[in-house]
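Undergrad: One structure, pasted below without further comment.
The values are calculated or read from the model by the stated rules, or taken from the named source; none is laboratory data. Keep in mind that what you see is a predicted model, and the values were worked out from it rather than measured. Cβ sites come from the backbone with ideal geometry, for glycine too, and all protein chains shown count toward neighbours. Just so you know, the surface numbers come from the protein's heavy atoms only, side chains and all, with ligands and any DNA or RNA stripped out. Shrake-Rupley method; radii C 1.70, N 1.55, O 1.52, S 1.80 Å.
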Amino acid sequence: MRRPKELPTTDSIKKELDRYTYRRNFLRTLRNTAFTLVVVAALAILVAVLLMPILRIYGSSMSGTVDNGDLVASIKTSDMKTGDVIAFYYNNNILVKRVIAVSGDFVDIDEEGNVYVNQTLLNEPYLSSKAFGETNIELPYQVPEDRIFVMGDNREVSIDSRNTAVGCVAGEQVVGKIVFR
């Protein structure tokens, strides 16, 4: 003869319901946390790549201002003025130089390395020494339309707008203005 099945007690039903509810809430919390972390990571990557790229400096053309191995933050902007330090693309590399002149300005450099923009001596307190450097352009030089004339702070070794190898920088080449080292 068969024995009748025992019905669960109220306490055992409550315990099973609590266990099920806890498990469901735990999995929901775990899923929400994972989703939040993925969204935050994606936003951080987008900001770092599109709005505020972080760059590591390689080379000595800006020694004193930014040195080899420094990490710098740049911000996307089209508002460049004399004295700003910018990062720009050149031959699949990113170079960092200082803005000396913008479209339409005339740049002249004397043999001692003094820089004149529109016949006015440029005050350059950020330089440790002046140099004429690797210059193969005809001076005085007028900056072409929609271009930026840039120079490194270590003028003796910097290859920049003074040389036709780099030339003036177009707006679409600019990664951003360096705002933090």
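Undergrad: Grab the Cα-Cα distance for residue 37 and residue 52, subtract it from 0.36 nm times how many residues apart they are, and report the gain in nm with one decimal.
TA: 3.4 nm
Undergrad: Looking only at 21, 120, 36, which one moves most when the chain is put into a Gaussian network model with springs between Cα atoms under 10 Å?
TA: Most flexible of the set in this elastic network: 21.
Undergrad: Mind running the shape call on region 71-173? Use the C-alpha gyration tensor, a ≥ b ≥ c as the square roots of the eigenvalues: rounded below 1.5 for a/c, prolate if a/b tops b/c, oblate otherwise.
TA: In terms of gyration-tensor shape, rounded.
Undergrad: Suppose every K and R has +1 on its Cβ and every D and E has -1 on its Cβ; what is the size of the dipole of the chain about the Cα centre, in Debye to the nearest 20?
TA: 2540 debye
Undergrad: Are there GluC sites (Glu not before Pro) in region 77-171 that DSSP marks as loop and that have at most 11 other Cβ atoms within 10 Å, and which are they?
TA: 111, 112, 138, 145
Undergrad: Then there's this: Tally up the carbon and sulfur contribution to the accessible surface of region 1-95 as a whole percent, 1.4 Å probe, everything protein left in place.
TA: Ligands and nucleic acids excluded, carbon and sulfur reach 62 percent.
Undergrad: Counting each DSSP H run of 4 or more residues in the chain as -39500 (n - 2.57), what helix-only mean residue ellipticity at 222 nm follows after dividing by all residues, to the nearest 500 deg cm²/dmol?
TA: -7500 deg cm²/dmol
Undergrad: So who's got an amide H within less than 5 Å of the one on residue 102, skipping anything under 5 residues away but keeping other chains? H placed 1.01 Å off N, in plane.
TA: Amide H to amide H, under 5 Å and 5 or more residues apart or across chains, residue 102 pairs with 149.
Undergrad: For the chain, set up a GNM with springs between Cα atoms under 10 Å and report which of 14, 130, 81 has the largest fluctuation.
TA: Among 14, 130, 81, the largest mean-square fluctuation in the Gaussian network model of the chain belongs to 14.
Undergrad: Computed on alpha carbon atoms, what radius of gyration and Dmax characterise region 1-69, expressed in Å?
TA: When restricted to Cα atoms, region 1-69 yields Rg and Dmax of 28.9, 96 Å.
Undergrad: Looking only at 68, 91, 163, which one moves most when the chain is put into a Gaussian network model with springs between Cα atoms under 10 Å?
TA: 91
Undergrad: Calculate, for the chain, the solvent-accessible area per residue in square angstrom, rolling a 1.4 angstrom probe over the heavy atoms of the protein chains.
TA: 67 Å²
Undergrad: Just to check I understand the Karplus step: with θ = phi - 60° and J = 6.51 cos²θ - 1.76 cosθ + 1.60, what whole-Hz values come out for region 140-148, glycine and proline as x?
TA: Those phi angles translate into x, 10, 9, 5, x, 4, 6, 10, 10 Hz.
Undergrad: Something else: Using amide H atoms built 1.01 Å from N in the peptide plane, name the residues 5+ places from residue 175, or on other chains, whose amide H lies under 5 Å from its own.
TA: Answer set, sorted by chain and number: 87, 88, 89.
Undergrad: Leaving out same-chain residues fewer than 8 places away, which lysines sit with a Cα under 21 Å from that of residue 5?
TA: Of all the lysines, those that pass the test against residue 5 - Cα under 21 Å, at least 8 places apart if same chain - are 14, 15.
Undergrad: Just list whichever of 76/97; 81/130; 130/177 have alpha carbons separated by over 18 Å in the model shown.
TA: Listed pairs above 18 Å: 81/130; 130/177.
Undergrad: So what's the angle, to the nearest 10 degrees on a 0 to 90 scale, between helix 10-46 and the longest Cα principal axis of the chain?
TA: Orientation of helix 10-46: about 10 degrees from the principal axis.
Undergrad: A further question on this structure: Once the whole set of protein chains is in place, how much accessible area is left on residue 23, using a 1.4 Å probe, in Å² to the nearest 10?
TA: Looks like 140 Å² after rounding.
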